[in-house]
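K.L.:
Could you have a look at this structure, given as structure tokens, before my questions?
The values are calculated or read from the model by the stated rules, or taken from the named source; none is laboratory data. Computed from a predicted model, the values in this text were never measured in an experiment. Note that we place each Cβ from the backbone using ideal geometry, even for glycine, and neighbour counts take in every protein chain shown. What goes into the accessible areas is simple: the full protein's heavy atoms, side chains included, and nothing from ligands, DNA or RNA. Shrake-Rupley method; radii C 1.70, N 1.55, O 1.52, S 1.80 Å.
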Amino acid sequence: MKVTLSVIKADIGGWVGHCSMHPDLIAEGQESLAKAKKSGLLIDYHVTRCGDDLQFIMTHKYGVDNKRVHKMAWDTFLRCTAIAKKLKLHGAGQDLLTDAFSGNVKGQGPGVAEMVLEEREAEPVVIFMADKTASGAWNLPLYSIFCDPFNTIGLVISTNMHKGFKFEVLDVKESKKVMFNCPEDMYDMLVFIGAPSRYSVKTVYSRETGEIAASSSTQKLSLLAGRYVGKDDPVCIVRAQGIFPAVGEVLEPFARPHIVEGWMRGSHHGPLMPVAVHQSTPTRFDGPPRVIAAGFQLAHGKLVGPVDMFDDLAFNNARQQALDMADMLRRHGPFEPHRLPLDEMEYTTMPQIMKKLKSKFEKI
Ligand code: F6R
Ligand code: MG
Ligand code: MG
């Protein structure tokens with residue numbers, strides 16, 4: 001059976017500030033998606049939040065970029081925004097960049113990761129959702145999961161993964177894409193994906209069968225809006241087991257926290273800390289950035305789950321490491337490398353300050 005898995009998310013109002021989501025918004029999301037399920041548009045759904053981002057995880061039969069599914073998500077975000085405005089939540093409607101729906105939520109603010117898959121006899125999927133970081137944050141973990149034998153032993157000892165994986169990489173500034181066959185193109189690929197502010201891994205495919213293995217959201221809010229409106233807070237879908245890495249191999253990169261851009265005012269580098277859903281409330285200096293993972297078994301499109309995958313004490317050391325990294329970076333205050341380099345600050349409010357000070361400069 002062919003199933004479409006769509007994850008659509010938006011920050012449409014924070015409670016308190018930018019750290020969490022008011023339960024009334026989650027309730028509205030649930031009610032709206034329940035109606036869509038009843039009407040036959042959705043097979044199943046799960047509504048959750050990561051920090052201040054509202055997450056719709058949905059299954060249906062209509063393929064990626066489906067106008068009806070996207071419109072239903074957009075209209076739900078609008079209704080949630082109305083509640084956010086009534087409660088005077090912070091940044092109500094922040095990620096909805098346009099007034100009217102144009103057929104697809106892509107380019108309108110919300111983040112989207114989707115895939116059509118032929119459901120296997122058992123179909124485990126993990127949905128990663130992040131807050132206080134940018135698209136491109138998945139580059140390092142996706143590389144680890146699908147290319148690195150030190151992370152994924154299956155690449156070495158499983159016959160059906162030995163051929164490797166194919167990566168689709170986007171140049172988000174030039175709107176171009178490029179394909180890499182790994183392992184042979186790994187060094188070439190790293191030239192690009194090692195610069196996650198410009199290049200994002202969009203899709204990964206098995207080279208054994210050609211089937212889709214992973215899909216991530218690559219929308220860049222700052223490029224869409226031409227100004228700083230908040231961070232992308234991306235999502236990523238990864239299939240597991242069989243011809244794909246095992247669930248444990250999919251989660252393993254997050255046991256070694258890496259540094260991403262985001263955090264306070266979207267202008268800093270900080271560690272991506274793996275947490276349970278109830279811990280995804282970034283309050284310290286509006287961070288540090290968080291990642292949650294919801295695991296499901298698909299059964300004829302039904303989302304059997306979620307299991308809160310990082311709600312495991314085996315990730316306690318990763319959390320401690322992330323907190324230690326956070327302390328080390330915070331010590332730099334307004335200095336790089338905690339603060340982003342100047343070209344990355346282009347879409348923050350800092351250029352306005354620099355403009356104001358321009359006349360103070362004298363030629364030497
Ligand atoms: C980061 C983020 C926050 C805000 C900060 C200022 O992605 O959302 O760090 O940038 O709290 O928020 P405003 O400008 O809404 O007062
Ligand atoms: Mg926010
Ligand atoms: Mg957010």
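K.L.:
Testing residue 123 on (1) within 16 Å of ligand 1 (Cβ to nearest atom); (2) open to solvent by less than 20 Å² (accessible area, probe 1.4 Å), one condition comes back false. Which one is that?
P.N.:
Of the numbered conditions (1) within 16 Å of ligand 1 (Cβ to nearest atom); (2) open to solvent by less than 20 Å² (accessible area, probe 1.4 Å), the odd one out for residue 123 is (1).
K.L.:
A follow-up question, please. Please count how many residues of the stretch 245-256 are open to solvent by 20 Å² or more (accessible area, probe 1.4 Å) and among the aliphatic types (A, V, I, L, M).
P.N.:
To start, the set of residues in the stretch 245-256 that are open to solvent by 20 Å² or more (accessible area, probe 1.4 Å) comprises 246-249, 252, 255-256.
Those still in the list that are among the aliphatic types (A, V, I, L, M) too: 246-247, 255.
Adding up the residues that qualify gives 3.
K.L.:
Right, here's the next one. Do we have any residue at all in the stretch 106-114 that's assigned to a strand (DSSP E or B) and within 16 Å of ligand 2 (Cβ to nearest atom)? First the steps, then the outcome.
P.N.:
Initially, the stretch 106-114 is screened for residues assigned to a strand (DSSP E or B), giving 111-114.
Pick out the ones that are also within 16 Å of ligand 2 (Cβ to nearest atom) and you get 111.
So far as the stretch 106-114 goes, yes, one or more of its residues are assigned to a strand (DSSP E or B) and within 16 Å of ligand 2 (Cβ to nearest atom).
K.L.:
Among 242, 305, 295, 301, which is the only one that is under 16 Å from residue 130 (Cα atoms) and crowded, with 17+ Cβ neighbours inside 10 Å?
P.N.:
Details: 242 fails: under 16 Å from residue 130 (Cα atoms); 305 fails: under 16 Å from residue 130 (Cα atoms); 301 fails: under 16 Å from residue 130 (Cα atoms).
One residue alone meets the criteria, 295.
K.L.:
Do you know which residues across the stretch 313-335 are exposed (fewer than 13 other Cβ atoms within 10 Å of the Cβ) and part of a loop (DSSP other than H, G, I, E, B)? Working first, answer last.
P.N.:
Applying the first criterion (exposed (fewer than 13 other Cβ atoms within 10 Å of the Cβ)) to the stretch 313-335 yields 313-314, 316-317, 320, 324, 327-328, 331, 333-335.
Within the stretch 313-335, 331, 333, 334, 335 qualify.
K.L.:
Out of 117, 54, 87, which single residue is in contact with a Phe, Trp or Tyr (Cβ under 9 Å, 6 or more places away or on another chain), modelled with pLDDT of 95 or more, open to solvent by less than 10 Å² (accessible area, probe 1.4 Å) and of a type outside the set (Asp, Glu)?
P.N.:
Details: 117 fails: in contact with a Phe, Trp or Tyr (Cβ under 9 Å, 6 or more places away or on another chain); 87 fails: open to solvent by less than 10 Å² (accessible area, probe 1.4 Å).
None of the other options fit; the residue is 54.
K.L.:
Tally up the residues in the stretch 263-319 that are out of contact with any Cys (no Cβ under 6 Å at 6 or more places or on another chain), within 16 Å of ligand 1 (Cβ to nearest atom) and more than 16 Å from residue 7 (Cα to Cα), please. It would help to see each step written out before you state the result.
P.N.:
Pass one, the stretch 263-319, residues out of contact with any Cys (no Cβ under 6 Å at 6 or more places or on another chain): 263-279, 284-291, 293-319.
From what's left, within 16 Å of ligand 1 (Cβ to nearest atom): 263-273, 284-291.
Now narrow it down to the ones that are more than 16 Å from residue 7 (Cα to Cα): 263-273, 284-290.
Looking only at that region, the number is 18.
K.L.:
Identify the residue in the stretch 2-22 that is among the hydrophobic types (A, V, I, L, M, F, W, C) and more than 18 Å from the chain's Cα centre (by Cα) and, among all such residues, is nearest to residue 71 (Cα to Cα).
P.N.:
First, the residues of the stretch 2-22 that are among the hydrophobic types (A, V, I, L, M, F, W, C): 3, 5, 7-8, 10, 12, 15-16, 19, 21.
Add one more test, that the residue is more than 18 Å from the chain's Cα centre (by Cα), and what stays is 3, 15-16.
Numbers: 3: 19, 15: 25, 16: 28 Å.
If we take residues in the stretch 2-22 being among the hydrophobic types (A, V, I, L, M, F, W, C) and more than 18 Å from the chain's Cα centre (by Cα), then 3 is nearest to residue 71 (Cα to Cα).
K.L.:
Quick check on the stretch 156-195: of everything there that is crowded, with 16+ Cβ neighbours inside 10 Å and in a loop (DSSP other than H, G, I, E, B), which residue is nearest to the chain's Cα centre (by Cα)?
P.N.:
Applying the filter and picking the extreme gives 172.
K.L.:
Filter the stretch 226-246 down to residues that are among the charged types (D, E, K, R) and within 16 Å of ligand 2 (Cβ to nearest atom) and give me whichever is farthest from residue 346 (Cα to Cα).
P.N.:
Ranking the candidates gives 233 first.
K.L.:
Could you run through the stretch 241-275 and say how many residues are of a type in the set (Gly, Ala, Ser) and part of a loop (DSSP other than H, G, I, E, B)?
P.N.:
Total satisfying the criteria: 3.
K.L.:
Could you tell me how many of the residues in the stretch 1-48 are within 12 Å of ligand 3 (Cβ to nearest atom), of a type outside the set (Gly, Ala, Ser) and either surrounded by fewer than 22 Cβ atoms within 10 Å (Cβ to Cβ) or closer than 19 Å to residue 218 by Cα (or both)?
P.N.:
So the count comes out to 5.
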